[in-house]
1. Given the condition part of a helix (DSSP H, G or I), open to solvent by less than 60 Å² (accessible area, probe 1.4 Å) and within 21 Å of G50 (Cβ to Cβ), answer yes or no: does some residue in the stretch 162-170 qualify?
2. Would you tally the residues in the stretch 103-125 being of a type in the set (A, V, I, L, M, F, W, C), within 28 Å of N154 (Cα to Cα) and out of contact with any Phe, Trp or Tyr (no Cβ under 6 Å at 6 or more places or on another chain)?
3. Within the stretch 120-157, track down each residue that is assigned to a loop (DSSP other than H, G, I, E, B) and either surrounded by fewer than 17 Cβ atoms within 10 Å (Cβ to Cβ) or touching a residue at least 60 places away in the same chain (Cβ under 8 Å) (or both).
4. Can we say G100 is assigned to a loop (DSSP other than H, G, I, E, B), surrounded by fewer than 22 Cβ atoms within 10 Å (Cβ to Cβ), of a type in the set (G, A, S) and without any contact (Cβ under 8 Å) to a residue 40 or more places away in the chain?
5. What's the number of the condition E160 fails, among (1) among the acidic types (D, E); (2) free of Cβ contacts under 8 Å to residues at least 24 places away in the same chain; (3) farther than 17 Å from P115 by Cβ?
6. Kindly list the number of the only condition in (1) open to solvent by 20 Å² or more (accessible area, probe 1.4 Å); (2) in contact (Cβ under 8 Å) with a residue 60 or more places away in the chain; (3) within 18 Å of S149 (Cα to Cα) that fails for G51.
7. Quick check on S117: is it modelled with pLDDT of 95 or more and surrounded by fewer than 17 Cβ atoms within 10 Å (Cβ to Cβ)?
8. Being open to solvent by less than 20 Å² (accessible area, probe 1.4 Å) and either farther than 22 Å from S197 by Cβ or among the hydrophobic types (A, V, I, L, M, F, W, C) (or both) is the filter here, so list the residues in the stretch 103-114 that pass it.
Amino acid sequence: MHYPNVYLGKIEPYEGHSPSAINKRAANGELTLTALGFEGDEQAETRHHGGADRALCHYPREHYAYWQAQYPEQAEQFVAPLFGENISTTGLNEENVYIGDIFRWGKALIQVTQPRSPCYKLNFHCDIGDFARTMQNSGRCGWLYRVISAGSVNSQQALELVSRNSDLSVAEAISIAFNAPFDAEQYRRMLAAAGLSASWSKNMQMRLLNRSIEDMERRLVGTQ
């Protein structure tokens with residue numbers, strides 16, 4: 001059984017950077033999950049965060065041990081929810097969670113839509129230059145959900161897989177999108193995955209049309 005820790009965030013100023021809601025805090029008790037995520041959870045940059053296809057972010061708790069080993073001098077900071085996730089569990093990871101998976105959680109149903117796309121805000125939030133790229137290259141990115149049936153939830157209720165709708169794991173999606181050369185066949189495979197988010201569907205379709213991979217540098221390093 002996969003019992004989640006739950007985290008919510010408010011938009012806060014960051015000195016020298018744009019405001020962000022990445023600094024989330026534990027939330028207990030009954031919570032209301034809507035089509036756009038938890039009531040009380042905020043996103044500062046809605047073009048790339050939040051929305052119906054990105055209502056919730058899930059990051060495997062066991063990955064933090066990996067990051068602690070990679071950065072021993074900063075190990076103390078690597079605990080949930082450092083990466084701004086809403087949900088943290090053990091036992092679910094990019095290898096055993098698939099695009100389109102539907103989980104029952106309390107009175108709600110949530111569906112995996114895409115891997116998380118690490119962005120430059122992780123670099124200054126972790127105080128590690130180019131950390132977003134390091135996360136992307138590692139494949140330890142986590143994933144996002146849409147809410148297909150809203151309802152009340154709490155951390156005492158387990159996530160239960162009720163429907164598997166594709167053969168594309170989150171790990172495979174990360175590899176295809178971020179860490180592999182141009183491969184039209186794999187992009188078509190991803191487009192065929194039931195439940196894939198609109199933004200990732202668009203990206204894969206544009207790769208096929210342009211016969212090239214989009215530039216990821218601005219997402220990974222910002223405008224500097």
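1. yes
2. Here is the first cut: in the stretch 103-125, the ones of a type in the set (A, V, I, L, M, F, W, C) are 103, 105, 108-110, 112, 119, 122, 124.
So of that shortlist, the ones also within 28 Å of N154 (Cα to Cα) come out as 103, 105, 108-110, 112, 122.
From what's left, out of contact with any Phe, Trp or Tyr (no Cβ under 6 Å at 6 or more places or on another chain): 103, 105, 108-109.
Looking only at that region, the number is 4.
3. Keep residues of the stretch 120-157 that are assigned to a loop (DSSP other than H, G, I, E, B), which gives 120, 127-130, 139-142, 150, 154-157.
Scanning the stretch 120-157 gives Y120, D127, G129, D130, R140, G142, A150, N154, S155, Q156, Q157.
4. no
5. (2)
6. (2)
7. Details: modelled with pLDDT of 95 or more: yes; surrounded by fewer than 17 Cβ atoms within 10 Å (Cβ to Cβ): no.
For S117, the condition - modelled with pLDDT of 95 or more and surrounded by fewer than 17 Cβ atoms within 10 Å (Cβ to Cβ) - is not met.
8. F103, W105, A108, I110, V112
The values are calculated or read from the model by the stated rules, or taken from the named source; none is laboratory data. Values in this document were obtained by computation on a predicted structure and should not be read as measured data. Heads up, the Cβs are rebuilt from the backbone with ideal geometry, glycines too, and the neighbour counts pull from every protein chain shown. Only protein heavy atoms, including side chains, enter the accessible area calculation; ligands, DNA and RNA are left aside. Shrake-Rupley method; radii C 1.70, N 1.55, O 1.52, S 1.80 Å.
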